[in-house]
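S.K.: Quick one: the structure is below, and I'll ask about it shortly.
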Amino acid sequence: MFEPSERPRIFALPPGADFPSAIVARLTRDFANRPPEALARVDLIVNTSRMARRIAALFDEGGAILLPRIRLLSDLSMLGDGALDGDLIAPVPPIRRRLELTRLVSRFLDQAPDFAPRAALYDLADSLAALLGEMQGEGVPPSAIAALDVEDQSGHWARTKAFLEIVQHYFDETGEPPDAEALQRRRAERLAALWQEAPPQHPVILAGSTGSRGATRLLMEAVARLPQGALVLPGFDFDLPVGLWETLDNALLAEDHPQFRYRTLMTNLGLAREDIMRWDDTAPPSPARNRLISLALRPAPVTDQWLSDGPALGDLHPAAEGMSLIEATSQREEATAIALRLRKAAEDGTTAALITPDRMLSRQVAAALDRWNILPDDSAGQPLPLSPVGRLLRHVAALFDEGLSAESLLTLLKHPLTHMGADRGNHLRFTRDLELHLRRWAPPYPDADDLRAWAIKQDDADVTRWAEWLCSCFTGQETVGEQPLSAMLETHLALCARISKGSTPGAAAHLWAERDGKEARKLLDQLAEAADAADPLSARAYSDLFGSILATGEVRRVEEPHPHILIWGTLEARVQGADLVILGGLNEGSWPEMPAPDPWLNRQMRHRAGLLLPERRIGLSAHDFQQAIAAKEVWLTRAIKTDDAETVPSRWVNRLLNLMQGLPEQHGEDAVKAMKNRGDEWRSLARALDTPDPVPPAHRPAPIPPTEARPRRLSVTEIKTLIRDPYAIYARRILRLNPLDPLMRLPDAATRGIVLHEVMEHFIKHIVANPADATRDRLLEITDAALEGAVPWPAARLMWRARVERIADSFLADEANRQSRATPLKYEVKGHADLPQLGFTLRGTADRIDQADGGLILYDYKTGSPPTKAQQKNFDKQLLLEAVIAEKGGFTDIPASTVIAASYIGLGAKPGEAAAPLEETTPAQIWQEFVALITAYLSPDQGFLSRRAMFKSEETGNYDQLARYGEWDIADDPVPEVLK
């Protein structure tokens, strides 16, 4: 196939060329007139399964021929015809190696706790695993790192060097299974030695790899030296001047250049730029654009050449033709614009690919395409932790550490894989009833007794059986102390199976039936096999470890995707072809991704030890960018803001735009403007798609319901609401819409008020019977008991107890004065007052009523700020109305008496009493005003105005959304609406 040559043989294709098509085209042409078996003797080595499938598909589109032997770069054992793995042991599973390294790092942190916090254990283990694999792949033993001459012998470096010596045994010939990287390098070394002694005489072509890793580069060099061996490099920059290749020798300065790896390969093979041959005469889609991108991406030390070489590019309109630039205001707008363009491509029957390393963006695009029933062919699949099985596994693992909360219980009960065995309909019905109960009455952290008590009230045998299943699966799962990983994993999976099976006897679990379940089960079986390599774990450590292991898996979709709409990672983009290429998420930190911090070696140490620099990933991304932007039609997209934060454009976009805008004589500014205009057209379509149809704003409501539907009973606390926000009374008492209680009760003001009311009632009752116990210690003792029983939040208990401690002395002094004037008579006493002429009843509950010589004294405990006298006169009439009820004899077992005083007892930041203005507003006057108020709201033409007189304009009400507040303002006139 190839002419004999004493020099290594390297071919290349320019950026933008359809790499698989070019490979197939030349092989088909060169072997067209040769015997059929000649092509079958060719070994074609490619770097991804996707590329192998596409090459096979392209061969299938032609006539009937024998195909070459298409090998994967990851499976070198097939190339040696079985001679490579004679004494090589199968590689150690990655999970086992990770557990071993986690154990080593844990012991290391025990000895050097100031090296890193324990929370970084798994991150350190991951980074060490990556370093270990890199050292094995690059052939750098720990001794090479230990021999580095570091002038600043800091304690950190000394500990790092000492720890790296611990992993020395992974490089020794101990007979233990090697890592995958080490095995790959050994195979590459053996294959190179085997070929040197007996080189194959048939063509061996390695196509599509850039040689970024040591083992791969070693194999590429061996292939290039074979008599009929050849490398085919993707995205080779033929436009880079020959002299500039010399500037790529210094890794510290040029590692991030897209062609750096090719320069290293050429140096190792003793080749110069002119020795690199074109694979065929295929021209790139846009030679002018390739020249522009080549100049834009030149190494940083020589970017001054833009001034001298830029004018030679000529008119930039041809280079920019086919390029569109979208700078969206948000990632949502970016995703919508991309989805619209992909939809257009699907309609036209053209192949379009979104290339992005930003998985959030690709998921948003896939979700946007779903509205048109377009399922893209996504090369990445779905992360296993986000699949149904992954979510269930993570939620159950959290039970061992965090225990059960109302929120976690309902999350698990509503999971689609919960109770899948049988009778799921009843399970969902019981779940709904339990949720309503938990929201209204239950504690935020229910236990078995709470669940059983609820089941007993239902008086249903099926509910009782279901509740017992709840108790066995979800309560009491907290794990104390440390346990072996194998035991915790076995308990975890058994619990998940019981949860999936459900409460029906004899039902089967369906946890592992679907594709995500099979993928999870395979990963967990590997974890179980390697469990002996881990130290005993606490529940928190197990949850963290399990989550990190689960994150390594992914699930491929089973559905048939659209054949022309593709989502690729950057690796696939190197060797694929599409009519339209969209480069999405072109922001710093996304594309390119920032190098992960290395806690073991700095940049200079890596370079001197012969390891890869952190900029290697940036250089690979730069090569992917150079290859993808050379497509026939290309979009460059980015979001100006993500997560409400300003973004920084990708360095390559910045370079490209700066170069073009700096060449006005070559019409660079006009070309950039045209690129943006093309993108803005699609941005406007995206905004139009997401813009709802105009709806006239609602008017300020003041509904007028029928008089027979209006409430005939209100509490004294609701009178304040009736005055300030009548619409809330309409919504709650007429429409009967009650706010849904939160699933997780928070330590809010209402809860604090209930608890402190209980504390004061118990304390006053006790000291009335035992005057000697009116002490600070006794008050705090009763407080502790009430908090322990009713407040499940440790932080809230401490803060609320501190509040009682602050006010204890002043409260006790005030209470002694109160009891010197009167004797406590009743607590939490209910009462009512009727309006027979209106058919209306006012009801209320007094916190405390004392008996004095001249009559009654009413008290109400206030944990917040008591209302002022002006507020009581006009809005907060609770105490004044209770005084009316008392004088009418409306309180249970308390005859009608004169109310000589009424006060709020402050239990907040300002303790003390705030008296009601009884001397200024008599009960008779209050009653008269109250009758007038109720008469008005029972009249046929009275509307229930929304937000009539709120205490603060920014105050929110429970029914503001129902009233569509925001579409109107409090300055707007109401629009009464007569209801029937």
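S.K.: Can you tell me the order of 854-867, 744-757 when each peptide is scored by its average per-residue count of other Cβ atoms within 10 angstrom, highest first?
M.R.: Ranking the peptides 854-867, 744-757 by packing returns 854-867, 744-757.
S.K.: Give me the extension gain from Thr935 to Ala453: residue separation times 0.36 nm, minus the current Cα-Cα distance, reported in nm with one decimal.
M.R.: Once the chain is fully extended between Thr935 and Ala453, it gains 169.0 nm.
S.K.: What FRET efficiency, computed as 1/(1 + (r/R0)^6) with R0 = 35 Å and r the Cβ-Cβ distance, is obtained for Met1 and Ala90, rounded to the nearest 0.05?
M.R.: Result of the calculation: an efficiency of 0.50.
S.K.: Further question: Taking 0.36 nm per residue of sequence separation and subtracting the Cα-Cα distance, how much length would be gained by fully extending the chain between His510 and Leu66, in nm to one decimal?
M.R.: 155.4 nm
S.K.: Separate question: Quick check for you: which residues of region 214-241 have the amide N under 15 Å from the point 7 Å beyond the Cα of Glu274 toward its beta carbon?
M.R.: 241
S.K.: Short version: ³J(HN,Hα) in whole Hz for each residue of region 266-280, in order, from phi by Karplus 6.51 cos²θ - 1.76 cosθ + 1.60 (θ = phi - 60°), x for Gly and Pro, what are they?
M.R.: Values per residue, Gly and Pro as x: 4, 5, 5, 8, x, 10, 10, 4, 6, 7, 7, 9, 6, 5, 7 Hz.
S.K.: Each residue of region 750-756 in turn: what ³J(HN,Hα) in whole Hz from Karplus with 6.51, -1.76, 1.60 and θ = phi - 60°, glycine and Pro shown as x?
M.R.: Per residue, the Karplus-derived 3J(HN,Hα) values read 5, 5, 4, x, 4, 5, 5 Hz.
S.K.: For Ala147 and Val695, what does the FRET efficiency come to when R0 = 60 Å and r is the distance between their Cβ atoms, rounded to the nearest 0.05?
M.R.: The computed FRET efficiency comes out at 0.25.
S.K.: Give me the Kirkwood hydrodynamic radius of the chain in Å, from all C-alpha pairs, to one decimal place?
M.R.: For the chain, the Kirkwood estimate is 35.1 Å.
S.K.: Please list, in order along region 611-618, the HN-Hα scalar couplings obtained from phi with the Karplus expression 6.51 cos²θ - 1.76 cosθ + 1.60 (θ = phi - 60°), rounded to whole Hz, x for Gly and Pro.
M.R.: 8, 7, 7, x, 6, 4, 5, 5
S.K.: Give the long-range amide H neighbours of Lys877: residues separated by 5 or more places, or on another chain, with amide H under 5 Å away, using H modelled in the peptide plane at 1.01 Å from N.
M.R.: Answer set, sorted by chain and number: Lys720.
S.K.: Related question: Full-extension gain between Ala915 and Asn677, please, as 0.36 nm times their residue separation minus the C-alpha to C-alpha distance.
M.R.: Contour length minus the Cα-Cα distance gives 78.7 nm.
S.K.: Quick check: pseudo-label points 7 Å beyond the Cα along Cα→Cβ at Arg103 and Gln526, how many nm apart are they?
M.R.: The modelled label-to-label distance comes out at 1.9 nm.
S.K.: Let me ask something additional. So what's the net charge close to Leu842: Lys and Arg +1, Asp and Glu -1, counting the other residues with Cβ under 9 Å from its Cβ?
M.R.: It works out to a net charge of +1.
S.K.: Could you work out how far apart the two model spin labels at Ala312 and Leu979 are, taking each label as a point 7 Å from the Cα in the direction of the beta carbon, and quote it in nm?
M.R.: Computed distance between label sites Ala312 and Leu979 equals 8.0 nm.
S.K.: Taking the Cβ of Thr491 as the center, what net charge do the other residues with Cβ under 14 Å away carry, scoring Lys and Arg +1 and Asp and Glu -1?
M.R.: Once positives and negatives cancel, what remains is -3.
S.K.: Further question: With each run of n ≥ 4 DSSP H residues scored as -39500 (n - 2.57), what mean residue ellipticity at 222 nm is computed for the chain after dividing by its residue count and rounding to the nearest 500 deg cm²/dmol?
M.R.: Calculated at 222 nm, the ellipticity per residue is -14500 deg cm²/dmol.
S.K.: Next up: Suppose R0 equals 60 Å. What FRET efficiency, 1/(1 + (r/R0)^6) with r the Cβ-Cβ distance, do Ser820 and Ala497 give to the nearest 0.05?
M.R.: Step by step, r from the Cβ atoms, then E = 0.30.
S.K.: Counting other C-beta atoms within 10 Å, which of Trp441, Trp793 has the fewest, and how do the rest follow?
M.R.: Fewest to most other Cβ atoms nearby, the residues stand as Trp441, Trp793.
S.K.: Using a simple spin-label model with points 7 Å from Cα along the Cα→Cβ vector, what separation in nm is obtained for Lys765 and Ala749?
M.R.: My value for the distance between the label points is 2.8 nm.
S.K.: Using per-residue counts of other Cβ atoms within 10 Å, averaged over each peptide, order 523-534, 630-641, 25-36, 64-75 from highest down.
M.R.: In decreasing order of mean packing, 523-534, 630-641, 25-36, 64-75 become 630-641, 523-534, 64-75, 25-36.
S.K.: Angle, helix 448-458 long axis vs. longest principal axis of the chain, Cα atoms, 0 to 90°, nearest 10?
M.R.: Compared with the principal axis, the helix lies near 60 degrees.
S.K.: For each of Leu685, Leu571, count neighbouring Cβ atoms within 10 Å of the residue's Cβ, then give the residues from fewest to most.
M.R.: Ascending number of Cβ neighbours within 10 Å: Leu685, Leu571.
S.K.: Distance from the Cα centre of region 901-957 to that of region 274-310, in angstrom?
M.R.: A separation of 80 Å, based on Cα centres.
S.K.: When the Cα centres of region 828-874 and region 536-599 are compared, how far apart do they sit, in Å?
M.R.: 64 Å
S.K.: A further question on this structure: Give, as a single signed number, the net charge of other residues whose beta carbon lies under 12 Å from the beta carbon of Asp462, with Lys and Arg counted +1 and Asp and Glu -1.
M.R.: Here the charged neighbours net out to -3.
S.K.: So if I take the centroid of the Cα atoms in region 103-135 and the same for region 627-701, what is the distance between those two points in Å?
M.R.: 43 Å
S.K.: Here's a follow-up. For a protection proxy built on the mean count of beta-carbon atoms within 10 angstrom, sort 958-966, 187-195 highest first, please.
M.R.: 187-195, 958-966
S.K.: Now for a separate question. So how tilted is helix 155-166 from the main axis of the chain? Cα-based, degrees 0 to 90, rounded to 10.
M.R.: For helix 155-166, the angle is close to 60 degrees.
S.K.: Counting other beta carbons within 10 Å of each Cβ, put Ser486, Ser820 in order, fewest first.
M.R.: Ser820, Ser486
Values quoted throughout were computed directly from the atomic coordinates according to the rules given, and no laboratory measurement underlies them. The structure presented is a predicted model; accordingly, all values stated were derived computationally and were not measured. Don't worry about glycine lacking a Cβ; one is built from the backbone with ideal geometry, like all the others, and counts go over all protein chains shown.
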